[in-house]
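Contents: one structure, followed by commentary.
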Amino acid sequence: MFAGIETGGTKTVCAVGSDGRIEARAQFPTGTDPAALVVRCAEFFAQYQVTAAGLGTFGPCDTDPESPTYGQILATPKPGWPGTDIRGLLEQSLNVPVSITTDVAAAALGEAALGAGRGARDVVYLTIGTGVGAGIVLDGRLSHGAQYAELGHMLLPQFGPDGVCTYHGGCFEGLASGPAMNARLGFPASELPDDDPAWDFEAQVVAAGLHNIVCATVPEVLVIGGGVGSRAGLHSRLPRLLRTSLAGYLPVPDVRTPGLGADSGVVGALLLAESS
């Protein structure tokens with residue numbers, strides 16, 4: 001039996017199971033008190049005999065085992081969390097080894113193994129919502145450098161410098177995220193019908209980002225989720241734009257919505273625990 005934990009900015013999901021299959025779960029607010037959250041996680045897992053835990057967490061976080069700040073939440077704007085050694089707190093409380101990655105990387109693991117990317121060796125999971133984040137699975141394994149990939153901050157200069165990212169202006173996140181659409185529309189993207197022409201520009205931006213991702217990773221499957229990323233108004237436009245952009249130079253990957261729904265991250269956390 002393994003433990004999986006997904007800590008998001010708003011809610012935390014805990015689950016137990018094996019082979020990525022959830023046998024029991026609990027959910028509660030993440031809150032602004034990390035120690036209190038760890039207590040709630042420990043109370044849930046105390047009912048089960050788990051041998052290892054996987055954690056997919058909001059960032060920024062340090063996922064490099066060689067780093068002196070490994071397992072810590074870094075300069076997040078979320079109150080109460082900067083500098084928290086969330087991995088260390090959980091490991092001490094649960095008394096089992098805890099492996100850590102980002103929430104989006106955990107979702108990539110889940111989708112590649114048991115979701116929309118099942119059967120493919122190379123899968124990129126992209127979430128487009130409040131921000132833009134990605135997880136990369138190549139040859140069945142989570143792939144990253146010293147830290148996780150920040151594909152959401154690739155520059156897309158063909159659309160100009162203006163965007164909502166406070167660091168890079170018109171980067172992928174600054175142009176394609178929910179807040180970016182809100183800034184263009186004057187209202188949330190959730191209120192935009194899927195047949196509205198405003199999706200044309202959003203799809204052009206996302207397709208440009210996908211072009212760069214395909215050139216860098218050459219995945220068989222691109223899974224795109226999140227509040228904006230899952231919308232039919234976006235997905236219906238992407239295959240044609242990507243075929244035109246890649247122009248036959250590279251194979252066009254299948255572009256799919258998540259197969260595990262809201263469970264992508266916690267399933268990936270379970271798989272992370274089992275593979276560590």
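Listed residues L241, L272, L246; which is surrounded by 15 or more Cβ atoms within 10 Å (Cβ to Cβ) and under 20 Å from the mean Cα position of the chain (by Cα)? When all the criteria are applied, what remains is L272. Taken together, the residues in region 103-142 that are surrounded by 24 or more Cβ atoms within 10 Å (Cβ to Cβ) and charged (D, E, K, R) amount to 2. For region 1-29, a tally of residues being touching a Gly at 6+ places or on another chain (Cβ under 6 Å) and either hydroxyl-bearing (S, T, Y) or closer than 16 Å to G265 by Cβ (or both) returns 3. Of all residues in region 56-69, one or more are touching an Asp or Glu at 6+ places or on another chain (Cβ under 6 Å) and either touching a residue at least 60 places away in the same chain (Cβ under 8 Å) or in a helix (DSSP H, G or I) (or both).
Let's see how each residue does on (1) surrounded by fewer than 18 Cβ atoms within 10 Å (Cβ to Cβ); (2) in contact (Cβ under 8 Å) with a residue 40 or more places away in the chain; (3) in the same structural domain as A247 (by TED's automatic domain parsing):
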{"position": "G160", "(1), (2), (3)": "yes, no, yes"}
{"position": "S177", "(1), (2), (3)": "no, yes, yes"}
{"position": "R184", "(1), (2), (3)": "yes, no, yes"}
{"position": "A203", "(1), (2), (3)": "no, no, yes"}
{"position": "G209", "(1), (2), (3)": "no, yes, yes"}
{"position": "V221", "(1), (2), (3)": "no, yes, yes"}
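Is it the case, given these coordinates, that T84 is touching a Pro at 6+ places or on another chain (Cβ under 9 Å), within 28 Å of G152 (Cα to Cα) and at pLDDT 95 or above? So T84 fits the description; yes. The residues of region 81-99 that are over 12 Å from T51 (Cα atoms) and without any contact (Cβ under 8 Å) to a residue 40 or more places away in the chain, listed by number, are P82, G83, D85, R87, G88, Q92.
Taken together, the residues in region 227-245 that are β-branched (V, I, T) and part of a helix (DSSP H, G or I) amount to 1.
Can you say whether V255 is in a strand (DSSP E or B) and either of a type in the set (V, I, T) or over 30 Å from E23 (Cβ atoms) (or both), as far as the supplied structure shows? Yes.
When the residues of region 1-29 are filtered to those that are part of a loop (DSSP other than H, G, I, E, B), touching a residue at least 40 places away in the same chain (Cβ under 8 Å) and within 22 Å of the chain's Cα centre (by Cα), which remaining residue is surrounded by the fewest Cβ atoms within 10 Å (Cβ to Cβ)? For region 1-29, the residue satisfying everything is D19. Of the helices (runs of 4 or more DSSP H) lying entirely inside region 159-226, those carrying at least 1 residues that are farther than 25 Å from A262 by Cα are 178-185, 198-217. Taken as a whole, region 32-41 holds no residue that is loosely packed, with under 15 Cβ neighbours inside 10 Å, among the aliphatic types (A, V, I, L, M) and touching an Asp or Glu at 6+ places or on another chain (Cβ under 7 Å). I need a count of the residues in region 70-101 that are buried (at least 21 other Cβ atoms within 10 Å of the Cβ), assigned to a loop (DSSP other than H, G, I, E, B) and among the β-branched types (V, I, T). Adding up the residues that qualify gives 1. Assess whether G248 counts as being assigned to a helix (DSSP H, G or I) and modelled with pLDDT of 95 or more. No: the conditions fail for G248.
The values are calculated or read from the model by the stated rules, or taken from the named source; none is laboratory data. All values derive from a computational prediction rather than experimental measurement. Please note: Cβ atoms are built from the backbone with ideal geometry, for glycine as well, and neighbour counts cover all protein chains shown.
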